[in-house]
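What follows is one structure encoded as structure tokens, with my remarks underneath.
The values are calculated or read from the model by the stated rules, or taken from the named source; none is laboratory data. This is a predicted model, so every value here is computed, not measured. Every residue, glycine among them, receives a Cβ derived from its backbone with ideal geometry; neighbour counts consider all protein chains shown.
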Ligand SMILES: [Zn+2]
């Protein structure tokens with residue numbers, strides 16, 4: 001399966017860089033990666049571009065920004081941003097697998113709500129680099145914040161480290 005991602009995600013990462021380091025930051029990133037900035041929100045691009053932007057962030061700015069960027073992106077992606085104001089965290093996570101496949105053409109996400117006050121997200125064939133895992137950690141944390149849910153998120157299994165999939169466990173109140 002071709003690994004592609006919607007332009008809206010790439011644009012949200014670039015927007016994060018712009019907010020943090022200004023237009024100069026975006027230019028430096030695009031120049032370093034040999035990219036031209038004309039991603040269209042509704043079109044699909046090679047997911048390698050997303051990975052490269054994340055690698056660039058981690059390499060030039062610091063590892064901690066991978067997570068921060070994921071948090072920013074989930075809060076600024078149109079689809080989720082307007083919706084979550086009206087929902088609790090359970091409703092949001094139930095919609096997550098479908099939202100995922102609208103944005104990414106590869107991999108699969110499942111949500112396990114079988115335990116009380118615990119949510120387990122499993123990402124199959126999604127992450128190939130550690131920075132991507134960290135950005136998903138940020139996405140989960142951002143989702144908690146957006147729904148005013150108190151809780152904690154950990155990556156409890158990781159494809160990059162040899163597990164069958166990446167698993168993010170959310171313990172919430
Ligand atoms: Zn992982």
- Candidate set: segment 134-173, residues that are part of a helix (DSSP H, G or I) and either without any contact (Cβ under 8 Å) to a residue 60 or more places away in the chain or under 13 Å from residue 118 (Cα atoms) (or both); chosen: the one nearest to the ligand (Cβ to nearest atom): 140
- Message: Could you check segment 14-30 and list, in sequence order, the residues that are without any contact (Cβ under 8 Å) to a residue 24 or more places away in the chain and either outside the structural domain of residue 67 (by TED's automatic domain parsing) or closer than 17 Å to residue 54 by Cβ (or both)?
- Response: 18, 25, 26, 30
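Here is a yes/no grid of residues against (1) in the same structural domain as residue 28 (by TED's automatic domain parsing); (2) touching a helix residue (DSSP H, G or I) at 6+ places or on another chain (Cβ under 8 Å); (3) closer than 24 Å to residue 34 by Cα; (4) at pLDDT 95 or above:
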site	(1), (2), (3), (4)
59	yes, no, yes, yes
71	yes, yes, no, no
97	no, no, no, no
111	no, yes, no, no
129	no, yes, yes, yes
137	no, yes, no, yes
145	no, yes, no, no
157	no, no, no, yes
- Test residue 127 against the criterion of being buried (at least 18 other Cβ atoms within 10 Å of the Cβ), without any contact (Cβ under 8 Å) to a residue 40 or more places away in the chain and in a loop (DSSP other than H, G, I, E, B), and give yes or no. yes
- Query: Does residue 102 satisfy the criteria of being in contact (Cβ under 8 Å) with a residue 60 or more places away in the chain, at negative phi, assigned by TED's automatic domain parsing to the domain that holds residue 148 and in a helix (DSSP H, G or I)?
  - Reply: yes
- Query: Looking at segment 70-88, is at least one residue touching a strand residue (DSSP E or B) at 6+ places or on another chain (Cβ under 6 Å) and away from the ligand (no atom under 13 Å from the Cβ)?
  - Reply: no
- Task: Working only within segment 55-64, note down all residues that are surrounded by fewer than 22 Cβ atoms within 10 Å (Cβ to Cβ) and assigned to a helix (DSSP H, G or I).
- Result: 55, 56, 58, 59, 60, 64
- Quick one: residue 71 ticks every box in (1) in a helix (DSSP H, G or I); (2) exposed (fewer than 13 other Cβ atoms within 10 Å of the Cβ) bar one, so which box is it? (2)
